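All remarks here apply to the structure that follows.
The values are calculated or read from the model by the stated rules, or taken from the named source; none is laboratory data. The structure displayed is predicted, hence computed values, not measured ones. Note: ideal-geometry Cβ built from the backbone for every residue, glycine included; neighbour counts use all protein chains shown. Remember, those area values only see protein heavy atoms, side chains included, never the ligands or the DNA or RNA. Shrake-Rupley method; radii C 1.70, N 1.55, O 1.52, S 1.80 Å.
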Amino acid sequence: MKIDWKRKLTSRKLWVSIAGFVAGLIVLGNGSQETADKISGAILSGAAVVGYVLGEGLADGKGGSNGDDI
C-alpha cells in the first residue's frame with residue numbers, strides 16, 4: 001500500500017492534531033498557555049502554506065490554470 005503524502009500533508013485534521021499535541025506538551029512542560037497558543041498558530045500557518053504550495057503544484061502538474069497567470 002502506497003501512502004499518498006500530498007493528501008496527508010494537506011489534511012487540516014492532521015495539522016490541527018499536531019498543533020493540539022504540541023500545545024499540550026508545552027503546557028505539560030510548565031510552559032504558558034500564551035506560548036502554546038503562539039506555537040500552535042505558527043504550526044497552523046505553516047500548514048496553510050504547505051497546503052497552498054502542494055495544491056498549486058498539483059494544479060500546475062495537471063496543466064490546469066488557476067487564473068494567476070502573469
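Key figures for this structure:
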| item | result |
| --- | --- |
| Count of Lys pairs (Cα-Cα under 22 Å; at least 8 positions apart or interchain) in the chain | 5 |
| Ranked order, Ser40, Ser45 - accessible area, probe 1.4 Å, largest first | Ser45, Ser40 |
| Length gained when the stretch Ala59-Leu44 is fully extended (0.36 nm per residue, less Cα-Cα span) | 3.2 nm |
| Carbon plus sulfur fraction of accessible area for the chain, probe 1.4 Å, in percent | 63 |
| Most fluctuating residue given options Gly55, Gly20, Gly31, as computed from a GNM of the chain linking Cα atoms under 10 Å | Gly31 |
| Whole-number accessible area per residue in Å² for the chain, which is evaluated in the context of all protein chains at 1.4 Å | 80 |
| Given charges at beta-carbon only (K, R positive; D, E negative), |dipole| of the chain in Debye | 400 |
| Distant alpha-carbon pairs in the chain (separation over 17 angstrom), percent | 54 |
| The chain: calculated mean residue ellipticity at 222 nm from DSSP helix runs of at least 4, using -39500 (n - 2.57) | -24500 deg cm²/dmol |
